[in-house]
Amino acid sequence: MVFTTLTIEKRQGVAIIRLNRPDVLNALNAQMSIELGEAAANVRDDEEVRAIILTGSGNAFCSGGDIKGMLSQVSKAGVVQRRDHLKVAYRWLAGFINLEKPVIAAVNGYAYGAGLSLALVSDIMIAAESASFALSFSKVGLTPDFAGAYLLPRIIGLNRAKLFTLTADTFDAKTAHEMGMVTQVVPDAELEGAAWKMARRLAQGPTKALGMTKIMLNKSFDTALADFLELEAAYHAISGATEDFREGVQAFTEKRKPEFKGR
């Protein structure tokens with residue numbers, strides 16, 4: 001597929017997915033939604049890709065839905081059509097959440113509405129000092145979409161999520177870091193370098209084990225203990241049969257750094 005609203009660059013085991021509509025602050029429209037689905041499948045199926053960076057071009061990560069484009073078209077549709085439109089988009093959203101590879105969001109500038117939801121699908125979020133965040137749906141009379149109201153309370157707690165969701169207030173990178181949503185805040189000029197450093201570190205790890213660990217952590221919030229232990233036992237056995245496990249044990253006995261291959 002030829003991408004028109006985003007770019008994908010792959011090098012040294014890392015795929016950088018960059019939203020690329022800088023003239024509208026990378027606002028999410030129907031075409032970008034389709035291309036994000038293709039991008040999620042692309043990095044999932046590429047065995048050479050072992051970590052992913054999500055970021056935006058220009059002065060924003062993603063300013064939310066394209067009010068003049070996608071949302072204006074959706075507002076003309078009936079309730080069922082609006083629901084079905086979102087359910088199609090949720091396929092790629094779940095694709096990133098369930099991707100068995102680490103995803104790092106490098107948030108530059110605005111991450112508003114669906115843009116914040118997109119950042120929340122990451123496993124590790126690094127923000128530039130100038131970044132700002134908001135679940136701004138109530139400002140236009142909408143309820144949140146793209147799982148924002150599901151993901152945010154799991155990260156910052158229910159009451160704080162209610163505050164920011166109901167008021168649609170913006171908050172800065174420092175506040176996001178204090179709440180635990182952002183793991184690192186860096187000067188704007190250092191954002192891509194910090195994200196790259198983290199991505200390369202994870203890309204050099206035992207990819208299969210990291211992917212399964214990610215799924216276990218995601219499921220820990222809504223899985224009964226007995227079911228979780230079944231999953232844990234299965235994943236532990238599977239990871240113990242990988243080449244990377246054998247390499248890890250060998251490196252430990254030889255007192256050297258392991259050279260994981262992601263297999």
Quick check on my filter: what residues within the stretch 222-258 are part of a helix (DSSP H, G or I) and touching a residue at least 12 places away in the same chain (Cβ under 8 Å)?
F228, L231, E232, Y235, I238, S239, E243, D244, F245, E247, G248
Contact list, first residue from the stretch 39-55 and touching a residue at least 40 places away in the same chain (Cβ under 8 Å) and in the same structural domain as R91 (by TED's automatic domain parsing), second anywhere and assigned to a helix (DSSP H, G or I) and polar (S, T, N, Q), beta-carbon distance below 8 Å, six or more apart or interchain, is R50/T207
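Just checking, how many residues over the stretch 1-46 are assigned to a strand (DSSP E or B) and surrounded by fewer than 17 Cβ atoms within 10 Å (Cβ to Cβ)?
From the stretch 1-46, those assigned to a strand (DSSP E or B) are 6-11, 14-19, 28; that's our starting set.
Retained after the next criterion (residues that are surrounded by fewer than 17 Cβ atoms within 10 Å (Cβ to Cβ)): 7, 9-11.
Summing the residues that are assigned to a strand (DSSP E or B) and surrounded by fewer than 17 Cβ atoms within 10 Å (Cβ to Cβ) in the stretch 1-46 gives 4.
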Looking at A105, A94, can you tell me which residue is assigned by TED's automatic domain parsing to the domain that holds I53 and closer than 19 Å to N26 by Cα?
A105
Could you say which residue among A15, A40 is of a type in the set (A, V, I, L, M, F, W, C), at pLDDT 95 or above and in contact with a helix residue (DSSP H, G or I) (Cβ under 9 Å, 6 or more places away or on another chain)?
A15
Which of the residues belonging to the stretch 164-196 are more than 17 Å from the chain's Cα centre (by Cα) and under 30 Å from E259 (Cα atoms)?
V186, E190, G193
Which one of the conditions (1) at positive phi; (2) within 24 Å of the chain's Cα centre (by Cα) does K255 fail to meet, given that it meets all the rest?
(2)
For A27, all conditions in the list (1) in contact with a Cys (Cβ under 8 Å, 6 or more places away or on another chain); (2) among the small types (G, A, S); (3) closer than 22 Å to A199 by Cα hold save one; what is the number of the exception?
(3)
Which of the residues that make up the stretch 135-163 are hydrophobic (A, V, I, L, M, F, W, C) and touching a Gly at 6+ places or on another chain (Cβ under 7 Å)?
L135, F137, I155, I156
Please go through the stretch 140-153 and pick out each residue that is modelled with pLDDT under 85 and outside any loop (DSSP other than H, G, I, E, B).
V140
Please go through the stretch 112-139 and pick out each residue that is assigned to a loop (DSSP other than H, G, I, E, B), touching a residue at least 60 places away in the same chain (Cβ under 8 Å) and under 20 Å from D188 (Cβ atoms).
S122, A131
So, in the stretch 206-221, of the ones that are of a type in the set (S, T, Y) and free of Cβ contacts under 8 Å to residues at least 40 places away in the same chain, which residue ends up nearest to V103 (Cα to Cα)?
T213
Those residues of the stretch 168-187 which are part of a loop (DSSP other than H, G, I, E, B) and not hydroxyl-bearing (S, T, Y) amount to A168, D169, M179, G180, M181, V182, P187
Restricting attention to the stretch 180-203, the residues that are within 18 Å of Y110 (Cβ to Cβ) and buried (at least 16 other Cβ atoms within 10 Å of the Cβ) number exactly 7
Would you be able to say whether some residue in the stretch 232-251 is surrounded by 12 or more Cβ atoms within 10 Å (Cβ to Cβ), at pLDDT 95 or above, under 18 Å from V14 (Cβ atoms) and in contact with a Phe, Trp or Tyr (Cβ under 6 Å, 6 or more places away or on another chain)?
no
Checking N218 against (1) crowded, with 17+ Cβ neighbours inside 10 Å; (2) within 21 Å of A15 (Cβ to Cβ), only one condition comes out false. Which one?
(1)
Members of the stretch 154-167 found to be among the aliphatic types (A, V, I, L, M) and either in a strand (DSSP E or B) or surrounded by 17 or more Cβ atoms within 10 Å (Cβ to Cβ) (or both), listed by number:
I156, A161
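The values are calculated or read from the model by the stated rules, or taken from the named source; none is laboratory data. Quantities reported herein were computed from a predicted structural model and do not represent experimental measurements. Please note: Cβ atoms are built from the backbone with ideal geometry, for glycine as well, and neighbour counts cover all protein chains shown.
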